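The values are calculated or read from the model by the stated rules, or taken from the named source; none is laboratory data. Owing to the predicted nature of the structure, the values given are computational and were not obtained by experimental measurement. Note that each Cβ is placed from the backbone with ideal geometry, even for glycine, and that neighbours are counted across all protein chains shown. With ligands, DNA and RNA removed, areas are computed over all heavy atoms of the protein, side chains included. Shrake-Rupley method; radii C 1.70, N 1.55, O 1.52, S 1.80 Å.
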Amino acid sequence: MPEISGITGKGLSTAGRLPGNGITSADVKNWLGSSSVTDGWYSTTGNGDMQWGKASVNVDNQTITLPNMNGTQGVCAGLKMTIDNMQAYDGLSFSFSLTPPGTGPTFTYSLWYETADGDIVNLCKETRGNNSSVWTSPII
């Protein structure tokens, strides 16, 4: 994946958060799928306020810190990434870990692929308990 050099806050009509385990292809398309949104890292913001709920980045150790947003469905970070000539790869996987353990009850991850025709396909989506183990999913 491309290095995390910065993160851009992007609000949503649902008070700045994606709807947990109910994420749909329309949610993803509206948030990251727009042609006006360039490839890169994005974070939800609260109530359209770019400061409240904004994630931060440590470029030295390549981590994203998500803020504590009590009373909400949480905050999320996402990556929009174009992979040219994807069919040429033998295998592709995506990994991440959420630390420290116990910082929240659950987290949801979701991977989506947009076809050349503009259809969005969900590769995987799951809600897990928060622990420090690395989650890895083969994509192809």
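Things worth noting here:
- Surface calculation, 1.4 Å probe, protein heavy atoms: residue 82 sits at approximately 90 Å² accessible.
- 3J(HN,Hα) along the range 27-44: 4, 5, 4, 5, 7, 10, x, 4, 5, 7, 8, 7, 4, x, 8, 9, 10, 5 Hz, from the Karplus curve 6.51 cos²θ - 1.76 cosθ + 1.60 with θ = phi - 60°, whole Hz, x for Gly and Pro.
- From phi via Karplus (6.51, -1.76, 1.60), per-residue ³J(HN,Hα) for the range 74-87 in Hz, x at Gly/Pro: x, 10, 9, 10, x, 10, 9, 9, 8, 10, 6, 6, 4, 5
- Karplus (6.51, -1.76, 1.60) ³J(HN,Hα), θ = phi - 60°, over the range 107-123, in Hz, Gly and Pro reported as x: 9, 10, 10, 8, 10, 10, 10, 9, 6, 4, 7, x, 6, 10, 10, 7, 7
- Surface calculation, 1.4 Å probe, protein heavy atoms: residue 84 sits at approximately 120 Å² accessible.
- Net charge over other residues, Cβ less than 12 angstrom from the Cβ of residue 83 (K, R count +1; D, E count -1): -2
- A straight chain from residue 111 to residue 5 at 0.36 nm per residue would run longer than the Cα-Cα distance by 36.0 nm.
- Nearest-0.05 FRET efficiency for residue 52 and residue 94, computed from C-beta distance (R0 35 Å): 0.75
- Solvent-accessible surface ranking, highest first, for 34, 5 at 1.4 angstrom: 5, 34
- The length gained on full extension between residue 24 and residue 126, counted as 0.36 nm times the residue separation minus their Cα-Cα distance, comes to 35.5 nm.
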